[in-house]
Every structure is written in structure tokens, then in C-alpha cells.
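> Please find one structure pasted underneath; my questions will follow.
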Amino acid sequence: MQANGIYCRYCGSTPAVDLDFRAHRGMVFIMQFRKLPGPYCRDCGLASFRKMTGDSLVQGWWGPISGFIANPVTLLINLINRARLQQVGPPIPGAPSLPMNPGRPLWQRPAIIGLFLPFLVLGLIIYSGTHGSGSSSANNYHYSGLPSTTYTVPNVPVIPSIPSVPTTQPAHDAKSAKVGDCVWDKNGDIAKDDHPKVEVVACGDQRAQATVLAKPTGPTGDTECDNKYPATDVIITHKTSFNGGPEIEDFALCLQLK
């Protein structure tokens, strides 16, 4: 298929189609909606569809509104956009990078188990309802002619519990960094290291090598550092891979050297 004048937001390939893929996370009484906006070439769109839909299959059912309304609607929107993406031809590589690797099909990933969670919960509800009513009926029978016995329960002193002391140490890695924090590279020079191990330190610490100017999120965070923060000297990106899928940038640190 020839170029259609639309270019992939993530790799620059063409042809592409302008659509979004979404993910939903239910947390009982609160909800979280996420979106990876297009345009997408076929390969980048397929990788994003599999990642976001897989996340929703595992994380999207945990809550009454999430399980019955929000997550089914999210999955349906992704399936509709997946059908639109199928009509796009193979990508013609452009810039700034090659198309994403779509990875394994969704049905071959562990996240597909999440598709059966609603049916499992429904089955448990039906099972509990039927067996609960049977137990109630059995308890309604009375046996007469047996002597009754009364027992006195002795008073047992209640020993107050000792509150546990939290042992988890506060995080000091790149994820915990905030604007205005100072960081250093545990592996060496933060300006030259290709694989830095970033740690937050006090700005008065002699190990501090740079200051965080901004922390834009999403796959275009490094571009925002270049365009919106001209004082940036070093850009460090953080990528995450879910369920064996492709690594996708989730945030960037715009750093000014000290």
C-alpha cells in the first residue's frame, strides 16, 4: 500500500491511521483510564492494542462500575479500532525509528486469562447463592427430645496488639524523582553513561550530578524535554514492558547538570 499522507506518531512510518487505544483499571470504588493516542502504523498500532487490551483484561474488572460498564466499553472500543487498523497496509519505515515489534498475539499471552474473570466471579455468585439457601433450609429443622446444655464462657483478658513497624524503605529510584530533586548515576557519569542507574539524593550531597527540570510522561517525553525545556543537558527515558510485550516509554527525566 502506498503512503496516505498520515505518519505514525511513534516511528514515523506511513501509511497510518488516526485512532487511539485505551486501557482501564478498576480499584473497587475508584477508576483509572489510560490512553495511547495515534496516529499508528500497522505494527505500532498492533503492539499498542495488545499491550493496552492485555492490561484491561487483568486490571479492569475490579469494581462494580468497572466490571459491568467501563471495562467492557473500553475493550469494545479497542476491538473496533483494531478492525480499522487491519485495513492499513504494511508500514514504509521512516524516522525517527523502526516500527514496534507487535510481539505475541493476545490469545498467547497470560493476560488472556483475564477474559474469563467475569465468568468465574458470576459462577461463584451463583454457587454461593444456591448453596447458601440450602444451608438456611437445613438450619430450619428442629430436633426435640434432646436435653439442653448451657455453657458459660469464661472471660479471657484481651492482650493489646503491638503495632508493627514498617520495614519498607522509601524509594529513591528514577520513578520517585520529582521536579526540583537532585539525582546521581550510581554507575558513573550521568552525562556519558548509556545505561545509568539513577538515584535521588539531597541537593547538598556531593554525589548530586544533576537537577530534575521536568518529568513528562508518555512515549513522547524525551521530545518534550527538547522542545519545552531548553536548559536540559541530559535526557533519561524510562521504559516498561508488560506481559512480555514491547517496551514503551512511560516517562522521561529532563536533567540540568550541576
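Every number here is computed from the coordinates shown, using simple stated rules; none is lab data. Just so you know, these numbers come straight off a predicted model, no measurement behind them. Using ideal geometry, Cβ is built from the backbone for each residue, glycine included, and neighbour counts are taken over all protein chains shown.
> Give the peptides 121-128, 62-69, 103-110, 44-51 in descending order of average Cβ contacts within 10 Å, highest first.
Descending packing order for the listed peptides: 44-51, 62-69, 103-110, 121-128.
> Checking the table K51/K192; K35/K239; K51/K258; K186/K215 against a 28 Å threshold on Cα-Cα, which pairs fail?
From the list (K51/K192; K35/K239; K51/K258; K186/K215), the Cα-Cα distance tops 28 Å for K51/K192; K51/K258.
> Using the Cα centre of the stretch 184-235 as origin and beta-carbon charges of +1 (Lys, Arg) and -1 (Asp, Glu), tell me which of T232, P196, Q206 is placed farthest towards the positive end of the dipole.
Going by the charge dipole, the pick is Q206.
> Quick check on the stretch 11-71: what are the equivalent-ellipsoid semi-axes from the Cα gyration tensor, as sqrt(5λ), descending, whole Å?
Over the Cα atoms of the stretch 11-71, the semi-axes work out to 27, 9, 7 Å.
> Then there is this: Would you mind getting me the FRET efficiency between Q87 and K239? Use the beta-carbon distance for r and R0 = 45 Å, nearest 0.05.
According to the calculation, E is roughly 0.95.
> Turning to a different aspect of this structure: For the stretch 217-258, list residues with backbone N below 11 Å from a point placed 7 Å from the Cα of R207 toward its Cβ?
It comes to no residues whatsoever.
> How many nm separate the modelled label positions at V121 and Q108, each set 7 Å beyond the Cα in the direction of the Cβ?
Calculated label separation equals 3.0 nm.
> Once the other residues with Cβ under 13 Å from the Cβ of S241 are scored (Lys, Arg +1; Asp, Glu -1), what is the net sum?
Spelling it out: positives minus negatives among the neighbours equals +1.
> If you don't mind, there's one more thing I want to ask. Applying 1/(1 + (r/R0)^6) with R0 = 25 Å to the Cβ-Cβ distance of K197 and N101, what FRET efficiency is obtained, to the nearest 0.05?
With a Förster radius of 25 Å, E is 0.45.
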